[in-house]
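The structure under discussion appears below in the form of structure tokens.
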Amino acid sequence: MTSISRKTLGRVLPCVVGEGLKMAPKTMEPMARRIFKGVILLEVAGVFAAYGLFHKMNSSQDFRGTVNKYFPSVLEVFYKSNEWSGIYGIREADREAWSKQD
């Protein structure tokens, strides 16, 4: 059997030899990757949620009425974004329809 000095073995197997178990220092790279993937996943989920909300508001006047009741600032952003893109008349049509309901 070949005899290997403790010093040589310590260089080859740093986590086994020595006083107790010594682990090689861990880098932050795996954790940073997990955090980065989590952030990207949250951003993608946010984009899909925003698109879903826009689609629902764009297709349902009743839903816009509910949003107006609870979150009027969100509805204002919807109206402004449509006006910026050149679509006019949604706000006026909603006001007219809601005034007839009351």
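Need pairs with beta-carbon distance below 8 Å; first residue within 18 Å of Ala93 (Cβ to Cβ) and within region 69-80, second of a type in the set (Lys, Arg) and open to solvent by less than 50 Å² (accessible area, probe 1.4 Å); sequence gap 6+ or separate chains.
From region 69-80, the pairs are Leu75/Arg64; Phe78/Arg64; Tyr79/Arg91.
For region 22-64, give me the residue count where each residue is assigned to a loop (DSSP other than H, G, I, E, B) and farther than 30 Å from Ile90 by Cα. Step through it out loud before you land on a result.
Within region 22-64, the first condition is being assigned to a loop (DSSP other than H, G, I, E, B), and the residues that meet it are 22-28, 60.
With the extra rule that they be farther than 30 Å from Ile90 by Cα, the set shrinks to 22-28.
The qualifying residues number 7.
Pull up region 26-64, narrow it to residues that are over 17 Å from Ala97 (Cα atoms) and among the acidic types (Asp, Glu), then point me to the one that is surrounded by the fewest Cβ atoms within 10 Å (Cβ to Cβ). Walk me through it before giving the result.
Looking only at region 26-64, we keep the residues that are over 17 Å from Ala97 (Cα atoms), and these are 26-56.
Applying the additional criterion that residues be among the acidic types (Asp, Glu) yields 29, 43.
On the way: Glu29: 8, Glu43: 10.
Among them, the one singled out is Glu29.
Within region 65-86, restricting attention to residues that are open to solvent by 60 Å² or more (accessible area, probe 1.4 Å) and not in a helix (DSSP H, G or I), which residue is farthest from Lys100 (Cα to Cα)? Before you say what the answer is, go through the steps one by one.
As a first pass, look at region 65-86 and keep what is open to solvent by 60 Å² or more (accessible area, probe 1.4 Å): 66, 68-73, 76-77, 80, 84-85.
Keeping just the survivors that are not in a helix (DSSP H, G or I) gives 71, 85.
Details: Phe71: 21, Ser85: 28 Å.
Out of the qualifying residues, it is Ser85.
The values are calculated or read from the model by the stated rules, or taken from the named source; none is laboratory data. These numbers come from a predicted model, not from an experiment. Note that each Cβ is placed from the backbone with ideal geometry, even for glycine, and that neighbours are counted across all protein chains shown. The protein model used for the area step is the full one, side chains on, heavy atoms only, and it has no ligands, DNA or RNA in it. Shrake-Rupley method; radii C 1.70, N 1.55, O 1.52, S 1.80 Å.
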